[in-house]
Structures are given as C-alpha cells and as structure tokens.
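K.L.:
Below is the structure I would like to discuss, written out as structure tokens.
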Amino acid sequence: MSDAEKKIAAALARLREAEPSAGLERRILEGLAERERRVTVARWYNWRGTRSWRPAIALSLACALLLAAGVTSFLFESGRIDSHPRTISRQSAGAPQSAHHKIVSQVSPIQPPGVILPVLRKPHHTPQPNTKDAASGPGFPAPPLPLTEQERLLLRLAHRNDPQVRTILNPEQRAAEAARATEQFQQFFAINAAEMRRQLE
Amino acid sequence: MASIEGCSLALSFMEDAPPAVDLTELVGTYSTLLFRVANSVLRSRTEAEDVVQEVFLRVWEHRKSLSAVRDMRVWLVRIAWNLALDHKRRKRPAQLEQTFGNSLASACLPADAAIEEDQRLRAVLGEIERLPKAERHVLLLSALEELGNSEIAAVLGRTESAVRALLFRARARLRERVEKGSKFR
C-alpha cells in the first residue's frame, strides 16, 4: 500500500469512526416527545377552534343572515304602511264592506231605507281581522265605503213590506193612526183640565 | 420529501401489512449510522447531530406510512444524506474549512504527532472536497463501510454499476492528487 493510499485510508477511517456525543439518542427521543406534545396541543386547539366548527359557524351565519333579512323586510313593510296610511284602507276595503252588510241586515227591519244609509256612513268600530297590517296602521279603523247601486237595490228589496213603511204609505191606516193620536191627545188634556178644575175648587 | 420517499415507499396494498415500527428502536439502531453519514458531509459534530434529530422528526411525521417502507436503512440514510447536503449548501466554504479535521484528529496522540496527523487529514479531506460531486458522494458513502454498492446506488439514485465506476474513478483520482500533494510538500 502506497503512502497516499495509507493517508486516504486513515482519513476515511476517521470519518467512519466518528462517534456522536453521549446522550444523542435521549435528546432525539425527547425532541420527538416534545413534538408529539405540541402536535397534540395544536390538534386540541384546532378541534376547539375554528377548523372543526367552520361548517357550524357558516350555517349559523347563514341562519343569522336569513333572520336579519326577514326582520328587515318586516320592518320595511311596516314602515311602508306607516308612511302611506291610505294604502291600508284600500287594501283592507273588503273587511269593512262585509261589516256593513252585517250591520244592514241587523238594522234594516226596524228602519226605513232612507234612514239606514246615513247610519251606515258613520264610522264603526267593527272587529277587524287580527293582521299585522291592520293592527299597526294609524288609519285603523278604515272609513266605510259608500254602498254600491246593487247593494242599495238589495236593501230596498229586503225592506219592501216593513210594517212601519206600510203604515206610512197606507192612507187609511195613516188616518186611523192620526185619529188615535188625536184621541189620546184630547183625552190627556181632558183629564188634565178636569183635575185642574177640581184643584181650583 | 416526496422525492425521497418516492422510490422507497411501497403501496400498502401490494404487500401484507407489517407490524408497526417502533420509533425508539429506530433511534437506537440507526442514530449512529445517520450521524456518520451527516458528519461525512458536514464535518461538524453538532450540525451532524442536528441533522440526525431532523431525520427522526421527519420519520415521526411520516410514522403512519412507515410500515410501507421497504428498506428502512436506505430510506433513513437517504433522508440524512439529503438533509446534510442541504445544510452544507447553506454553509459558507470558510466555515467548512475551519471545522475541517477538528473533530477528526485523534486525541490520544502527542501534540506534535496530533498536529502532523491533523495536517495530513486536512490535506486528504481537502482533496476529497475537490473531487467531482458524484465521485465525492460515492466515496464518502462507501467510506462508512456500512453500506453496500446497491445501497449506495439506492441512496444516490444511480445504478450499482455506475456507483462502482464512480468509486473506482474517485479513488484513483484522489490517490493521484494526494501523491501530487505529497511531492510538492
């Protein structure tokens, strides 16, 4: 073996025989344990944190957005009704009209048609349907609408043979009624005159 | 890392599931070999130890797929080798020269003999550093005498015959240069 080869062999042997410092294995295992502990803690925080809760958070946000949109639209609707009170009277015109029909059917048997119509034009506090629009509007209750021509005809037909109307229109009955009233008048004053005379005496 | 595992990792469905690998046992078995591999490149004890620690951290990160590694020894050496090369690239040449031989000179020699020995080692290791990269890598891995040509070929990603040829050329070139250096001194 030449001198050069000896030198090379010696140098390579030094590389081959190099020994790590004592405790290398222990340090490596400690490092691994430390890494495992860190990863465990990180996983715990990830589990607790946003990563695993992201779908739930996204769903909650979506629900919250939908709720907010619903509340906003509700408030917007309310605000629109408040600023335009006439709109509700037009929108809820059906409800008062049906109420008028009820009133007419109740009142008409004792009153002639000429008397009923002005009464219907008075505002009534009729029970309204429990809707948000009707409850929140300042125009509540809505003013009654005038009867249509058909409604008037119906009223007249319904009250054609009322006894009072017949009395007013029949001359004989009217004369009998007037005679009865005159008799009652005279009788009243006759009684009173006799009593007055007796007291004076 | 993927390239490191690329040739050594086998698909788990291709073979029966081997038993789980004990990391503590791996550390005990291979830490010295990996230290020498890293030290042959870095010539620094502390840096070589850092590399070994890094190797096992990477192993721990891939602990779930360890059972699919065909040749654990080659796989670990390859990781250590590549990490050591990465460390060396980040190192300045002056730093490398400074630590040259410091950890290699024998402590049991007399002072004058130790100095002479240190000079010889520096000269030879300097010549090794000046070898072409492929030859140098083959020479350093073969110097460990723990890896066969097939294992060196697997670590370096070459064929076995190429490793043999590179090793022959490296030794011849190094011998020639060391002889030249001796004559000039």
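The values are calculated or read from the model by the stated rules, or taken from the named source; none is laboratory data. Just so it is clear, the structure is predicted and the values come from calculations on it, not from any experiment. Cβ coordinates were reconstructed from backbone atoms using ideal geometry, including for glycine residues, and neighbour counts include every protein chain displayed. Accessible surface is based on the protein model in full, side chains and every heavy atom, while ligands, DNA and RNA are left aside. Shrake-Rupley method; radii C 1.70, N 1.55, O 1.52, S 1.80 Å.
K.L.:
Compute the Cα gyration tensor for the stretch A:135-194, then decide on rounded, prolate or oblate, letting a ≥ b ≥ c be the square roots of its eigenvalues: rounded whenever a/c is under 1.5, prolate when a/b is larger than b/c in the other cases, and oblate in all that remain.
P.N.:
Oblate, because a/c is 1.5 or more while a/b does not exceed b/c.
K.L.:
Give the residues of the stretch B:134-157 whose amide nitrogen is closer than 13 Å to a point set 7 Å from the Cα of B:Asp71 in the direction of its Cβ.
P.N.:
Inside the label zone: B:146-157.
K.L.:
Also, I was wondering about something else. Given R₀ = 25 Å, FRET efficiency for B:Glu25-A:Glu17 by Cβ-Cβ distance, to 0.05?
P.N.:
So, using R0 = 25 Å, E works out to roughly 0.55.
K.L.:
In addition: Can you tell me the Rg and Dmax of the stretch B:107-183, counting just the alpha carbons, in angstroms?
P.N.:
Rg, Dmax (Cα atoms, Å): 14.6, 45.
K.L.:
What do you reckon, how do A:His159, B:His62 stack up by accessible area (1.4 Å probe), largest on top?
P.N.:
Of A:His159, B:His62, the descending order of accessible area is B:His62, A:His159.
K.L.:
Using a 1.4 Å probe on the protein heavy atoms only, what accessible surface does A:Asp162 show? Give it in Å² to the nearest 10.
P.N.:
Looks like 20 Å² after rounding.
K.L.:
Next question. With labels modelled as points extended 7 Å from the Cα through the Cβ direction, what inter-label distance (nm, one decimal) is found for A:Arg54 paired with B:Glu160?
P.N.:
4.9
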